[in-house]
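Just below is one structure, and these are the notes that go with it.
The values are calculated or read from the model by the stated rules, or taken from the named source; none is laboratory data. Model, not experiment: these values are computed from the prediction. We place every Cβ from the backbone using ideal geometry, glycine too, and count neighbours over all the protein chains shown. Heavy atoms of the whole protein, side chains included, go into the accessibility calculation; ligands, DNA and RNA do not. Shrake-Rupley method; radii C 1.70, N 1.55, O 1.52, S 1.80 Å.
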Amino acid sequence: MSYPFQIKSQEQYEKAYRESVEQPDEFWASVAENFQWRKKWDKVLEWNFKEPNIKWFQGGKLNITENCIDRHLKTMGEKPAFIWEPNNPEDRVRVVTYNRLHKRVCQVAQMLKNNGVKKGDRVCIYMGMVPELVYAILGCARIGAIHSVIFGGFSAQSIADRLEDAQAEYIITCDGAYRGGKDIPLKSVIDDALIGNKKVKKVIVYTRTRTPVSMIKGRDLWWEDEMDHAETQVEKDGVVSFPAEEMDAEDPLFILYTSGSTGKPKGVVHTCAGYMIWTTYTFVNVFQYQPGLIHFCTADIGWVTGHSYIVYGPLTAGATSVMFEGIPTYPDAGRFWDIVDKHKVNIIYTAPTALRSLMGFGLEPLKGKDLSSLKILGTVGEPINEEAWHWYDENIGKKKCPIVDTWWQTETGACLISNLAGVTPAKPSWATLPMPGVQPVLVDENGKEATEKDEHGFLKGNLCIKAPWPGIIRTTYGDHERCRKNYFATYENLYFTGDGALKDDKGNYRIIGRVDDVLNVSGHRIGTAEVENAIDTHAGVVESAVVGYPHDIKGQGIYAYVIYNGKHGDDEMTRKDILQTVTRVIGPIAKPDKIQFVSGLPKTRSGKIMRNLGDTTTLLDPAVVDDIKNNRL
Ligand code: WT7
């Protein structure tokens, strides 16, 4: 495979950038030519940010799985699409070739069809990091069902809310998942989520851990049985086929829930053609992928990073990916480096929080690991501090591998701001330059172009984008107004990212962090209002306020102020009960790191919680702050 749209020099970057802004239609049409269409588009782009109404490649017909799989079969059917590394390093590695992937995806599509799933139906996927998860995702895409993957760390309550919001009728799950030393009982969480649910018709269960599970007659089915049956239907005389559904460019491909500043997660909707082109374009350019390279994205497919850089981007580019079931510290803190050594990984893409946690183990876990296959290093999810950047550069890249710091969001589909590995310069802790097609602007509170400079002379403001790129969010599922309000109404005619940023005189961007009421904990987005709601459900809690605080490993930790008037046990017991409550309502990822009991919350006269306790002049009751400060944990 070749990538005619791959940018190979600074000059080419500048040229591509210019063309993408001056003649977006011509530019993106020429990129889109490199994909497989059933019918080409009539119009490249139609948009306004007012409604918003954003349509890319209207009139085009395609199926993303034909791009991810079928078109590679002739030339590289026996090439590995995935190298699957199990949680336990002694267990068998599974290599999934493009031929095998094709067969499995056809089988899943047939299995879904057999169970009544149709184009446009929502299928919730709650699985561990097993190859079957990828088959499930692509099986949905093949028949045009909309997948909604939920990360394995979310609670039954969170799943129930998402099932309800998406009006999902089908679920694909596992009996359990292995993560480090733990077996996580996924099916049992699904069972709890389904209490009272009348909408879900079928639950398909893949066996991974052999954890005992309850199987409800008429509703619950074993993946293995269903797949065996489907196999006999899709395979005739050694030829496998399941015709892919013809999709409109703008048909929804998937929903992925993410937190915002309100108490309820939003179902971000991405569509077929634009998302495909954007993930592939950025994959090939940011990581400078070349055929044959082994790419290892360490994210979980439950988050957008896994969707875009384990599944859709790499597969559409015909790449070989390592998919890892476990965690970076199991069986020890050298696991990532063992994987790099074992599978001769060329590109590793991980999160700053993982690097900081591994740095804490020193250099011992690196001893005896051959990392010489590495060519390119990437980070994503949160700002990378300089210390972690240099550690990565010196100890992992041995100062020979460019580091790409990729800034993006669930809503942007794939990278918006990043250097291109070895092509445009890196700058430690700066995401640097926008991708072609991306027009960032920093604005002040009133939406005017920012003029304020910070103490180093960098322009400072709220990060917005002026025009759509192919992978931009189209809507929030079932509630378009919410999408408008959240992203397109803060500043007129701009997409607002929720991040604050700096800009230097060369046009490089440095992302500082969220300016809305959203926390970034270990690279995971958590809304303060969601955590507050969860804490407030605990009996005895009158009210709570959640703020972020700097945390050495997680980036941000969760600090909760709680007014509590229950009389059940001591403070330590109550703290544990509150943590248990949050785990039940959201999941363990949202547990506060610190809980301080207070007599009042720091609220302004208008009732808003002050998240920064520096300026107390507008506070309703400044005495509350003294109490808080004196008793800080
Ligand atoms: C938020 C998006 C993008 C996939 C993973 C997170 C922060 C993301 C960077 C980066 C600084 C970053 C932002 C953004 N973020 N990448 N390279 N440098 N901050 O996706 O859960 O949608 O969160 O993560 O604050 O808004 P997400």
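Given 0.36 nm per residue, what is the gain on full extension from ARG611 to GLU481 after removing their alpha carbon distance, in nm?
44.1 nm
How much net charge surrounds LYS453 when only other residues with a Cβ under 11 Å from its Cβ are counted (Lys, Arg +1; Asp, Glu -1)?
With Lys, Arg at +1 and Asp, Glu at -1, the neighbours total -3.
Post the alpha-carbon centroid distance, segment 373-396 to segment 457-505, in whole angstrom.
For segment 373-396 versus segment 457-505, the Cα centre distance is 27 Å.
What's the carbon and sulfur percent of segment 490-602's accessible surface, probe 1.4 angstrom, rounded to a whole number?
That fraction is 49 percent.
For ILE595, which sequence-distant residues (separation of 5 or more, or a different chain) have an amide H within less than 5 Å of its own amide H, given hydrogens modelled in the peptide plane?
Correct list: ALA560.
Can you pull the semi-axes for segment 440-514, root of five times each eigenvalue of the Cα gyration tensor, sorted largest first, whole Å?
Values for segment 440-514, descending: 25, 12, 10 Å.
Using Stokes-Einstein with the Kirkwood hydrodynamic radius over Cα pairs, what translational diffusion coefficient do you get for segment 518-630 at 25 °C and a viscosity of 0.890 mPa s, in µm²/s rounded to a whole number?
In µm²/s, the coefficient rounds to 171.
Take the alpha-carbon centre of segment 234-274, take the same for segment 117-146, and report the distance between them in whole Å.
The distance from the Cα centre of segment 234-274 to that of segment 117-146 comes to 8 Å.
Over the chain, what is the relative contact order in percent, taking alpha-carbon pairs closer than 8 angstrom and at least six residues apart?
In percent, rounded to a whole number, it is 13.
Treating only the Cβ atoms of Lys and Arg (+1) and Asp and Glu (-1) as charged, compute the dipole magnitude of segment 440-514 about its Cα centre; round to the nearest 20 debye.
Value, rounded to 20: 300 debye.
State the Cα centre-to-centre distance between segment 58-92 and segment 570-599 in whole Å.
Distance between centres, Cα-based: 42 Å.
Hey, can you grab everything whose amide H is under 5 Å from the amide H of ASP220? Only 5+ residues off in sequence or another chain; H modelled, so Pro and N-termini drop out.
VAL203
Stretch ASP621-GLU235 to full length: gain in nm at 0.36 nm per residue minus the Cα-Cα span?
The span from ASP621 to GLU235 would gain 131.7 nm if fully extended.
If packing is taken as the mean number of other Cβ atoms within 10 Å per residue, what is the order of 231-244, 183-196, 312-325, highest first?
Going by the mean number of other Cβ atoms within 10 Å, highest first, we get 312-325, 183-196, 231-244.
Can you list residues whose amide H is under 5 Å from GLY461's amide H, if they're 5+ apart or on another chain and H is modeled 1.01 Å from N?
Amide H to amide H, under 5 Å and 5 or more residues apart or across chains, GLY461 pairs with ALA501.
If the reach is capped at under 18 angstrom between alpha carbons, list the aspartates and glutamates near LYS466, excluding any in the same chain fewer than eight residues apart.
GLU19, GLU22, ASP25, GLU46, GLU51, GLU411, ASP444, GLU445, GLU449, GLU492, ASP499
Computing the accessible area with a 1.4 Å probe over protein heavy atoms, can you report the carbon and sulfur percentage for segment 1-130?
46 percent
For segment 1-48, just say rounded, prolate or oblate: build the C-alpha gyration tensor, square-root its eigenvalues into a ≥ b ≥ c, call rounded for a/c under 1.5, and beyond that prolate if a/b exceeds b/c, oblate if not.
It is oblate, given that a/c is not under 1.5 and a/b is not larger than b/c.
For THR490, what is the net charge nearby, where nearby means another residue's Cβ is under 11 Å from its Cβ and Lys, Arg count +1, Asp, Glu -1?
Residues close to THR490 contribute a combined charge of -1.
If you roll a 1.4 Å probe over segment 305-441 with all protein chains in place, what percent of the accessible area is carbon or sulfur?
Solvent-exposed carbon and sulfur of segment 305-441 make up 54 percent of the total.
Tell me, what is the per residue accessible area of segment 440-514 in Å², probe radius 1.4 Å?
For segment 440-514, the solvent-accessible area averages 47 Å² per residue.
How many nm is it between the label spots at ASP454 and GLU46, if each spot is 7 Å from the Cα in line with the beta carbon?
4.2 nm
Quick check on the chain: take the gyration tensor over C-alpha atoms, sort the square-rooted eigenvalues as a ≥ b ≥ c, and tell me if it's rounded (a/c under 1.5), prolate or oblate.
rounded
7 Å from Cα along Cα→Cβ at both VAL21 and ASN114: what's the point-to-point distance in nm?
It is 5.4 nm.
Can you give the helix-only mean residue ellipticity at 222 nm for the chain, where every DSSP H stretch with n ≥ 4 adds -39500 (n - 2.57) and the sum goes over all residues, rounded to the nearest 500 deg cm²/dmol?
-8000 deg cm²/dmol
Can you give the relative contact order of segment 518-630 as a percent, counting alpha carbon pairs under 8 Å and 6+ residues apart?
After rounding, I find 22 percent.
Would you please name the chymotrypsin sites (Phe, Trp or Tyr not before Pro) within segment 326-375 that are DSSP coil residues with at most 15 other C-beta atoms within 10 Å of their C-beta?
PHE361
Per residue of segment 89-100, what does 6.51 cos²θ - 1.76 cosθ + 1.60 with θ = phi - 60° give for ³J(HN,Hα)? Whole Hz please, x for Gly and Pro, Karplus curve as stated.
Those phi angles translate into x, 7, 6, 6, 6, 10, 9, 10, 7, 4, 4, 5 Hz.
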